[in-house]
Amino acid sequence: MTSILEAPTRTHRIVFPFTAIVGQGEMKLALLLNIIDPKIGGVMIMGDRGTGKSTTIRALADLLPEINVVADDPFNSDPDDPDLMSDYVRQQLKENISLQVVKKKVTMVDLPLGATEDRVCGSIDIEKALTEGVKAFEPGLLATANRGIIYVDEVNLLDDHLVDVLLDSAASGWNTVEREGISVRHPARFVLIGSGNPEEGELRPQLLDRFGMHAEIHTIKEPELRVKIVEQRSEFDQDPQKFHHECRLQQEELQNNLVRAQKLLKQVNIDYDLRIKVSEVCSILDVDGLRGDIVANRASKALAALEARTDVTISDIRRTIVLCLRHRLRKDPLETIDSGCKVNKVFNQVFGLETEEY
């Protein structure tokens, strides 16, 4: 049995509205699809400095609707889904103890590059565990991020071991901490978003492959668009409240679309013939493993759900397949062709769309 309480009113800093961001369609699409289906596996965003990566990601977190969480639970447990509950909350339900539920904004965790493994995963007080016989667990950032977003700026500079930990938790939805024979496990289902500047180096291919999607963004060249971006930013800086209010209807419409798409996703179907062709594209491109096939299927279904459809079309696959495969291709150091062009070329060949313009 649960009782819903109102969360205390908080004043929070107004962030730039997601719907007001000009351009960067590839990045925005990848982020929205991961919100609809977190099992896509997160987004790696690579692009020039000053292209709005951090602004867009913070705007996305602010856009998301409030969720129900168990009050005073450090893991943001879902009162209705056992897979997203901590052991303590699950035990309370077994004992028929009433849960107090509050509404809370989706949490976004900024992971600092200097974070330690204990800070990320949590730590166990061995002395307390041995002397008092209790699992003295201090939750880390993965606990805070359950049912939310983890953002790592300059992820290509983060220690590889920590990237491994994040990707393992994002894939499994659980975080396990073990110290001296004592083990603690808690839900950690989140959307992992990494960003970086290619000039500072790439992630190792083994780690890059574990990100569901890879978006490339570039500095906008059109003078008119640049002027529009500068003007919007000036308006927002002068009066954030007014600017946010002017975007309220578009923000609410997109928010409602995301909620509807999350509910519709289970009903979306992708024909067997389309799945065969997606796998044929992956095979011709010599993509290692099956992650590419799985993510391409998931992403196209999420796009169909976003547009309120229950059947995936060739257009859905075309709009998402580059995001899902470009970072999984084997790189030839002597080749200058963009990996996205290569994916599009093979897609056209397999789907019989050689003459289609992109």
For the stretch 84-104, pairs from a residue that is outside the structural domain of Ala143 (by TED's automatic domain parsing) to a residue that is surrounded by 13 or more Cβ atoms within 10 Å (Cβ to Cβ) and hydroxyl-bearing (Ser, Thr, Tyr), with Cβ under 7 Å and 6 or more apart or across chains, are Leu84/Ser77; Met85/Ser77; Ser86/Ser77; Val89/Ser77; Ser98/Thr2; Leu99/Thr2; Val101/Thr2
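What about Ser195, is it small (Gly, Ala, Ser) and surrounded by fewer than 21 Cβ atoms within 10 Å (Cβ to Cβ)? Spell out the reasoning first.
On the way: small (Gly, Ala, Ser): yes; surrounded by fewer than 21 Cβ atoms within 10 Å (Cβ to Cβ): no.
The answer is no for Ser195.
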Given (1) within 19 Å of Ala145 (Cβ to Cβ); (2) in contact with a Ser or Thr (Cβ under 7 Å, 6 or more places away or on another chain), Gln24 misses just (1)
Cβ-Cβ under 8 Å, sequence separation 6+ or interchain: first residue in the stretch 280-300 and within 19 Å of Lys345 (Cα to Cα), partner among the hydroxyl-bearing types (Ser, Thr, Tyr). Which pairs?
Asp293/Ser279; Ala296/Thr320; Ser300/Thr320
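In the stretch 22-45, how many residues are of a type in the set (A, V, I, L, M) and over 18 Å from the mean Cα position of the chain (by Cα)? Full working, then the answer.
If we filter the stretch 22-45 for residues that are of a type in the set (A, V, I, L, M), which is where we start, we get 22, 27, 29-33, 35-36, 40, 43-45.
Filter again for over 18 Å from the mean Cα position of the chain (by Cα), leaving 22.
The number of residues fulfilling the criteria is 1.
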Can you name the residue in the stretch 50-100 that is on the phi > 0 side of the Ramachandran plot and among the polar types (S, T, N, Q) and is also surrounded by the most Cβ atoms within 10 Å (Cβ to Cβ) among such residues?
Asn76
Give the residues of the stretch 232-280 that are in a loop (DSSP other than H, G, I, E, B), at pLDDT below 90 and surrounded by 13 or more Cβ atoms within 10 Å (Cβ to Cβ), sorted by residue number.
Cys247
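Suppose the filter is within 21 Å of the chain's Cα centre (by Cα) and at pLDDT below 80; does Pro187 pass it?
no
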For a quick check of your reading: which strands (runs of 3 or more DSSP E) sit entirely within the stretch 142-195 and have at least 3 residues that are farther than 29 Å from Arg49 by Cα, touching a residue at least 60 places away in the same chain (Cβ under 8 Å) and not acidic (Asp, Glu)?
182-187
Within the stretch 217-250, which residues are acidic (Asp, Glu) and over 25 Å from Gly196 (Cα atoms)?
Glu224, Glu231, Glu235, Asp237, Asp239, Glu246
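The values are calculated or read from the model by the stated rules, or taken from the named source; none is laboratory data. All figures in this text were calculated on a predicted structure; none of them were measured in a lab. Note that each Cβ is placed from the backbone with ideal geometry, even for glycine, and that neighbours are counted across all protein chains shown.
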